[in-house]
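Have a look at the structure below before the remarks.
Read-outs: derived from the displayed coordinates by stated rules, not from any lab. Bear in mind the structure is a predicted one, so any value in this text is a computation, not a measurement. Cβ sites come from the backbone with ideal geometry, for glycine too, and all protein chains shown count toward neighbours.
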Amino acid sequence: MSVDLSKLSAKELFELAQKKEQEEKSDAERQDKINELKEKLESLVGEHKNVLMLTDKKIRDMQEQREKLIKDHEKALADLETEIKALGGAAPKSASSSGDDLRSTLRQIMNKRPYISGSLLKEQLATRGIKFTNFNKDLEKWVKDGWLEAKGQGNYALGKRA
């Protein structure tokens, strides 16, 4: 809308100028608020990235510590098994134990969780004295037999036949 300024009274010109000044002030305040929010957004994104990097580092450190603990545990178990055998004791249960015992053990392990990683399952079975020569093939067989159900890469849930 075009207004002929020469036809406006002084009062109308003054009101028009005030309105224009108010609009410019409002626009400037809006732009300041936008800039402030953008800075806050950038700050939050930066903080989030830093927290993620720290979390990833902690996870890697914990995974390394877990791997070391598992290796130490397996070595200690192997040493004890060797000593038991040297003294003429019976060998611990193996994966060739009866299927019902193994199913029962799987149910006990899975009782309190919706799924478990293959490595943690192997570790849990080892703590119960069950050893495997080829654990990955056994996992595949258990999935095929319906004892376990694959839940994503390397994770398993209790199957319908367990």
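If R0 is 41 Å, the Cβ-Cβ spacing of Asp72 and Leu52 corresponds to a FRET efficiency of close to 0.85. Largest mean-square fluctuation among Ser104, Ser43, Ser119, in a Gaussian network model of the chain whose springs join Cα atoms under 10 Å apart, belongs to Ser43. Enter the angle in degrees (range 0 to 90, nearest 10) between the Cα long axis of helix 99-110 and the first principal axis of the Cα atoms of the chain, meaning the one along which they spread out most. Computed tilt is about 30 degrees. Per residue, the Cα convex hull of the range 12-86 amounts to 46 Å³. Summing +1 for each Lys or Arg and -1 for each Asp or Glu among the other residues whose beta-carbon sits under 12 angstrom from that of Glu42 gives 0.
How much of the calculated P(r) for the range 99-158 lies past 16 Å, in percent of all Cα pairs?
That tail contains 35 percent of the Cα-Cα pairs.
Each peptide among 71-81, 108-118 gets the average number of other Cβ atoms lying within 10 Å of its residues, and from highest to lowest they stand as 108-118, 71-81.
Computed over the chain, the Cα gyration tensor eigenvalues convert (square root of 5λ each) into semi-axes of 74, 21, 10 Å, ordered from largest to smallest.
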